[in-house]
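Peer 1: One structure coming up, written as structure tokens, with questions to follow.
The values are calculated or read from the model by the stated rules, or taken from the named source; none is laboratory data. This one's a predicted model, so the numbers in the text were calculated from it and none came from an experiment. Because the Cβ atoms are built from the backbone with ideal geometry, glycine has one as well, and the counts that use them run over all protein chains shown. Please note that ligands, DNA and RNA were not included when accessible areas were found on the heavy atoms of the full protein model with its side chains. Shrake-Rupley method; radii C 1.70, N 1.55, O 1.52, S 1.80 Å.
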Amino acid sequence: MTAYNTIAFDPSRCELCNDCDACITACAQVKSGSDDPLHSRIKIVAGFNGNPPELALCRQCGDPECVKSCPSTALTKNPDTGLIDWEKSLCVDCLLCTVGCSYGGITYNATLQHVAKCDLCDGDPACVKACPSGALSYITSASIFNEQHEREDLFVPGLSACQGCNSEMIMRHSLRKVGPDTVLATPPGCIPGMGSVGFNGTTGTKVPVFHPLLTNTASMLAGLKKQYNRMGRNVTAMALAGDGGAGDVGFQSLSGAAERNDQILFICVDNEGYMNTGMQASGSTSYGSWTTTTPVGSEMKGKRTSQKNLAMIMMNHNCEYVATASTAFVEDYYEKLDKALAASERGFAYLHIYSPCPTGWRFPSSQTIEVCRKGVETNFAPLWEYERGGDLHFTHPIDNPLPVEAYLNLSGKYRHVNEEQLACIQQQVNERVRTLKRYAGLN
Amino acid sequence: MNTTHYLVAGASHAGLEAVHRIRLVDGTSPITLVTRDAHAPYSPTILPYVVSGQSAPERVVLRPADYFLQHNITLISDNELVSIDETGKQVTLKSGDRWQYAKLLLATGADPIIPPIPGLSETPFHVLRTMQHAIDLRDHAGKAKRAVVLGAGLIGMHGAENLRHAGLDVTIVEMCDQVLPGYFDARAAALIEHAFNANGIRMLMGSRVVRVEPLGDGCRITLENGDSLEADLLLVATGVKPQLDYLKGTSVQVDQGILVDRRMRTDAPHIWAAGDVAQAADFYGEEKVMMGILPDAVTQGAVAAMDMTEDHALKPYIGGVPINTYTFFGQQAISVGQSLADASLEELTRVDEENGRYLKILLRENRLQGISSINQEMDAGIMWQLILRKVDLTPVKDAFIARPLETGRALMSSTWR
Ligand SMILES: Cc1cc2nc3c(=O)[nH]c(=O)nc-3n(C[C@H](O)[C@H](O)[C@H](O)COP(=O)(O)OP(=O)(O)OC[C@H]3O[C@@H](n4cnc5c(N)ncnc54)[C@H](O)[C@@H]3O)c2cc1C
Ligand code: SF4
Ligand code: SF4
């Protein structure tokens, strides 16, 4: 199995409405040396009734209908690049490929008198480079799959997480990458709750796993790591903890281990609350959120206090490595995992991963990644990293953040939020980014 | 006795798509693919270009040499299905070999119709359906000067144009009043005819041939009106029809082709049929129809395979929609869906005689029923989907009529996300 890179289109950023046709011109130039949009293989068309623009572009399909409709074998899927290649010398201009394609991905060019389609410019697409607003991006996360899929998933199949659970995805990605020489701690929360610590005398992992108290995760791991070191064995001491287990009940031991710079890889999966016990609020629950302990009624309108920023608190422990991450930006996460793993050999490494929860936050299970993405793109959940002694560094800077509603609107837990609360949340977001920028030496 | 799980007869679009789909979900059960042809699998659609010399026979092979080995498919070429024992689940091939199957797919396509014209059987003539036909025709065309083509359907039109490209003097004789009936209305057909005339092809429309007879190395063709034509090359392209002798003694029901349901099942247990051999649901009406086009052969092959493998993702066949992307002398005529208006349809036509451009949109209750165009950019696949999905165009109707291309693209893109 191979996965392939692809061009992604974010219509909400597209400037077509402002008469921007940068991608179309760039494509026409690169492919035919002309500005005539006729030559462009990417076509952006206006959306209906004020909806965002739409895209006609070859999707480089996995089971391509254009290829099946081609009688001449001019079209083939290249197994190495995933591209649907078109061979001019074989093509007989019958246009049957245009019948197969439902996306307007291969079209007849009346000037050239043959069909033409996107070839991703040998992996460096001109349209993406030309797009001024970031609406087009070249997604290379397929390379992660190609690199990682041979590694073993160290959780057993059949964990009983909710449908669409982001945490399960984080757990599996993380442990697969960190590898088998690991001792894993999963304090009470969704992570052990879905079966990773096991039941009936078997574990839900293929590495040693234990279920510490909420209060002593980091200290137990610190002790275990010391013992392994004494035995001369290089084992990663890793925690997968919820935000409550990390930042509320477990904070004393976490802070202590960070202060001592113990060799631990501590991953906090932040779903903003105690979700598996019935969606109670935690210190990480954001202002205005509905939870069962911060209900919405005539007086109370969700959580009254702001969330604490655990990642920044950990950074202020000056430990080896601290970073935030999101599953909508997996490449970024994998890079940070690499760095955190290396840092955990030297001392304390802390990763804080935003983990929107379909069940507790009330959004459809198909929208998990979209919520993650909008969290980042509104700057609600900025992506950054910090290495001991250095500056904070934004790994996915958002220059023109979307208004925070774009994120809040996706989750039921913010449905009641009124104008005043909204303004307050937006202000908090702005302030948080301003503070982070100060740490990054940017203002 | 040989045994196989899946037996597929016919190695063209329907059969090849079926084995591909089977292997997507069933990596291990034995598949045996039998084809009458001695050549490696190719598309009949490519044949006119083999005739003109544009396509070399060895470069149009639909699957790489190692495909069948790699996917553990036994390919038997130059052999033929001759009979089926439906209760014993066995077939007999022309070679005498017998195969036991669990599931049988008939994808044997169609063969040229030889019209009952007096004298034709005594006269040498060509048809065009197999690679061998194309090679014979190409070789003959290299020596011939005057060609007559009977029939102005797809095959006749493609054949005639390519014979013209090969330098012959070409005449088309067609019984109907127009070319490509069923795909284009009379006005569009007239534009196409005009291009043929302008390129030196004589078009005898509404003409019936009453007699054909050998004449020297060639033949003489007599028309109903008494005129006669002489030719040293005769191409008969008056339609196609499945050859179904192998069904004798089975309970498979046949009309013009093998009757199938929306899962491509025939009336006999464990036997499916797909492609040009099958007569399946019509998108527009109750009667089952013969489609005879490549994209539909692919679709039907896929549906059959998904049913044979009990693939839960199977969506029953929605029904055939006539589609034709016809290129001629550097021009493009595209037709998707119905081409003739009736009282229940709203018709919008734009003709630009000067530039040979033409567009016709047929709607029923603001849903697209058919669209045809000449020399207009058109995404046939998008139009096909708009028809199949019965997309309600009410909110975008004006835009669609003014700019079907862009509007279609936007509609499809929005359903994709
Ligand atoms: C000249 C020409 C031009 C065309 N142009 C177009 C076009 O522009 N657009 C379009 O959509 N369609 C076109 N078509 C039609 C298109 O090629 C067919 O619709 C399509 O090939 C049907 O595929 P099929 O798999 O059903 O059958 P076929 O392609 O006919 O294949 C049948 C297969 O069955 C095998 N076979 C036959 N009998 C037996 C038997 N008894 N036992 C075992 N094997 C057997 C044959 O060897 C062959 O492999 C054209 C056809 C021709 C001939
Ligand atoms: S041209 Fe269309 S059918 Fe072919 S790969 Fe691209 S999107 Fe898919
Ligand atoms: S136009 Fe060319 S690429 Fe498209 S189906 Fe025909 S031969 Fe194949």
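Peer 1: Which of the three applies to chain B, rounded, prolate or oblate, going by the alpha-carbon gyration tensor with a ≥ b ≥ c and a/c under 1.5 meaning rounded?
Peer 2: oblate
Peer 1: When every alpha-carbon pair in the protein assembly as shown is counted, what percent end up more than 46 Å apart?
Peer 2: Considering the protein assembly as shown, 40 percent of its Cα-Cα pairs are separated by more than 46 Å.
Peer 1: Follow-up. Name the most mobile residue of B:L340, B:L150, B:L229, meaning the one with the largest mean-square fluctuation, in a Gaussian network model of chain B with Cα contacts below 10 Å.
Peer 2: B:L229
Peer 1: Here's a follow-up. Can you give me the % of accessible surface on the range A:150-439 that is carbon or sulfur? Probe 1.4 Å, all protein chains present, nothing else counted.
Peer 2: On the range A:150-439, the fraction of accessible area on carbon and sulfur atoms equals 50 percent.
Peer 1: Treating the beta-carbon of each Lys and Arg as +1 and of each Asp and Glu as -1, no other charges, what is the dipole magnitude of the range A:4-144 about its Cα centre, to the nearest 20 debye?
Peer 2: It comes to approximately 160 debye.
Peer 1: Dipole of the range B:329-417 (Lys/Arg Cβ +1, Asp/Glu Cβ -1, origin at the Cα centre): which of B:W384, B:G330, B:M412 lies farthest to the positive side?
Peer 2: Of the candidates, B:M412 comes out farthest on the positive side.
Peer 1: How big is the gap, in Å, between the Cα center of the range B:119-188 and the Cα center of the range B:264-343?
Peer 2: Rounded to whole Å, the Cα centres lie 25 Å apart.
Peer 1: Here's something else I'd like to know. Computed over the Cα atoms, what is the radius of gyration of the range B:323-415 divided by 2.2 N^0.38 Å, N being its residue count?
Peer 2: The reported ratio for this selection is 1.02.
Peer 1: Any idea what the dipole of chain B comes to, in debye rounded to 20, about its Cα centre with Lys/Arg Cβ at +1 and Asp/Glu Cβ at -1?
Peer 2: Value, rounded to 20: 700 debye.
Peer 1: With an 8 Å cut-off on Cα pairs and a minimum separation of 6 or more residues, tell me the relative contact order of the range B:209-303 in percent.
Peer 2: 16
Peer 1: Output the peptides B:16-22, A:296-302, B:217-223 sorted from most to least packed, where packing is the average of other Cβ atoms within 10 Å over each peptide's residues.
Peer 2: B:16-22, B:217-223, A:296-302
Peer 1: Among the listed pairs A:K31/B:K397; B:K241/B:K397; A:K206/A:K226, give every one whose C-alpha distance is greater than 31 Å.
Peer 2: Check vs 31 Å cut-off fails for A:K31/B:K397; B:K241/B:K397.
Peer 1: log10 I(q)/I(0), Debye, Cα-only the range B:276-348, no solvent, q = 0.13, 0.15, 0.18 Å⁻¹?
Peer 2: -0.51, -0.64, -0.84
Peer 1: Also, quick follow-up: Under 17 Å Cα to Cα from A:K77, which aspartates and glutamates show up? Leave out anything in the same chain fewer than 8 places away.
Peer 2: The qualifying aspartates and glutamates are A:D63, A:E65, A:D85, A:E87, A:D119, A:D122, B:E17, B:D66.
Peer 1: Points 7 angstrom from Cα along the Cβ direction at A:R151 and B:D227: gap in nanometres?
Peer 2: 7.8
Peer 1: Within the range B:91-130, find all residues whose amide N lies under 19 Å from a label point positioned 7 Å from the Cα of B:T3 along Cα-to-beta-carbon.
Peer 2: From the range B:91-130, the list is B:91-93, B:97-105.
Peer 1: Right, another one. May I ask you to evaluate 6.51 cos²θ - 1.76 cosθ + 1.60, the Karplus curve with θ = phi - 60°, for each residue of the range A:111-118 and list the ³J(HN,Hα) values in order in whole Hz, giving x for glycine and proline?
Peer 2: 6, 7, 6, 7, 6, 9, 8, 5
Peer 1: Between B:T28 and B:T74, what is 0.36 nm times their sequence separation minus the Cα-Cα distance? Round to one decimal in nm.
Peer 2: The span from B:T28 to B:T74 would gain 15.3 nm if fully extended.
Peer 1: Buried by at least 50 Å² relative to the chain on its own: which residues of the range A:48-66 qualify, computing accessible area with a 1.4 Å probe on protein heavy atoms?
Peer 2: In the range A:48-66, residues shielded by partner chains: A:F48, A:E54, A:R59, A:D63.
Peer 1: First obtain the Kirkwood hydrodynamic radius of the range A:27-73 from its Cα pairs, then insert it into the Stokes-Einstein equation at 25 °C and 0.890 mPa s, and state the resulting D in µm² per second as a whole number.
Peer 2: Value of D from the Cα-based Kirkwood radius: 188 µm²/s.
Peer 1: How many partner chain Cβ atoms sit within 10 Å of a residue's Cβ in peptide A:156-162, on average, as a whole number?
Peer 2: Counting Cβ atoms of other protein chains within 10 Å of each residue's Cβ and averaging gives 0.
Peer 1: Taking the range B:120-238 as the region of interest, what is the percent of Cα-Cα pairs per 10 angstrom bin, listed from the shortest bin to the one with the maximum distance?
Peer 2: 14, 48, 32, 5
Peer 1: If you don't mind, another one. Which residue fluctuates the most in chain A, going by a Gaussian network model with Cα springs under 10 Å, if the choices are A:D399, A:D19, A:D124?
Peer 2: A:D19
Peer 1: In whole Å, what is the distance between the alpha-carbon centres of the range A:362-437 and the range B:212-236?
Peer 2: Between the Cα centre of the range A:362-437 and that of the range B:212-236, the gap is 81 Å.
Peer 1: Averaging over all projection directions, find the projected area of the Cα convex hull of the range B:1-77 and quote it in nm² with one decimal place.
Peer 2: 5.4
Peer 1: When Cβ neighbours within 10 Å are restricted to other protein chains, what is their mean count per residue of peptide A:87-94?
Peer 2: Neighbouring Cβ atoms belonging to other protein chains average 5 per residue here.
Peer 1: Still on this structure, please answer the following. Just the number please: accessible area per residue for the range A:33-101, 1.4 Å probe, all protein chains included, in Å².
Peer 2: 38
Peer 1: Right, next: Across peptide B:58-64, what mean number of C-beta atoms from other chains lies inside 10 Å of a residue's C-beta?
Peer 2: If you average over the peptide's residues, the count of other-chain Cβ atoms is 3.
Peer 1: Evaluate the distance, in nm, between pseudo-label points positioned 7 Å from the Cα of B:D392 and of B:E365 along their respective Cα→Cβ axes.
Peer 2: 1.0
Peer 1: Given a 1.4 angstrom probe, what's the average accessible area per residue across the range A:294-334, in square angstrom?
Peer 2: Per-residue accessible area for the range A:294-334 comes out at 38 Å².
Peer 1: Let me ask something else about it. Output needed for the range A:150-439: three equivalent-ellipsoid semi-axes, defined as square roots of 5 times the C-alpha gyration tensor eigenvalues, in descending order, whole Å.
Peer 2: With the √(5λ) rule applied to the range A:150-439, the semi-axes are 30, 22, 17 Å.
Peer 1: Using θ = phi - 60° and the Karplus relation 6.51 cos²θ - 1.76 cosθ + 1.60, list the HN-Hα couplings for the range A:22-28 in order, rounded to whole Hz, with x at every Gly or Pro.
Peer 2: So the J values, rounded to whole Hz, are 4, 5, 5, 5, 4, 5, 4.
Peer 1: Would you be so kind as to identify all helices of chain B, as entire DSSP H runs, whose Cα atoms reach 24 Å or more along the helix's own axis and whose mean Kyte-Doolittle hydropathy is at least -1.0?
Peer 2: Taking the DSSP H segments of chain B (at least 24 Å long, mean hydropathy at least -1.0), we get none.
Peer 1: Charges at C-beta only: +1 for Lys and Arg, -1 for Asp and Glu. How large is the resulting dipole of the protein assembly as shown about its Cα centre, in Debye rounded to 20?
Peer 2: Dipole magnitude for the protein assembly as shown comes out near 2260 debye.
Peer 1: Oh, and also: Carbon and sulfur atoms: what percent of the 1.4 Å accessible area of the range B:170-262 do they account for?
Peer 2: Taking all protein chains in place, the range B:170-262 shows 44 percent carbon and sulfur surface.
Peer 1: Report, in listed order, any pair from A:K88/B:K145; B:K288/B:K390; B:K248/B:K315; B:K103/B:K315; A:K303/A:K437 with a Cα-Cα distance greater than 24 Å.
Peer 2: A:K88/B:K145; B:K248/B:K315; A:K303/A:K437
Peer 1: Rank these by accessible area, largest first, 1.4 Å probe: A:D153, B:D136.
Peer 2: I get B:D136, A:D153, largest accessible area first.
Peer 1: Take the range A:157-280, drop everything but the C-alpha atoms, weight them equally and run the Debye formula without solvent; then report log10 I(q)/I(0) at 0.14, 0.18, 0.21, 0.22 Å⁻¹ to two decimals.
Peer 2: -0.56, -0.93, -1.25, -1.35
Peer 1: A follow-up question, please. Would you please report the Å³ per residue occupied by the convex hull of the alpha carbon atoms in the range A:4-144?
Peer 2: Considering the Cα atoms of the range A:4-144, their hull volume per residue is 117 Å³.
Peer 1: While we're here: I need the phi-derived Karplus couplings for the range B:76-86: 6.51 cos²θ - 1.76 cosθ + 1.60, θ = phi - 60°, integer Hz, Gly and Pro marked x.
Peer 2: Computed from phi, the couplings for the range B:76-86 are 10, 9, 6, 9, 7, 6, 10, 7, 10, 9, 5 Hz.
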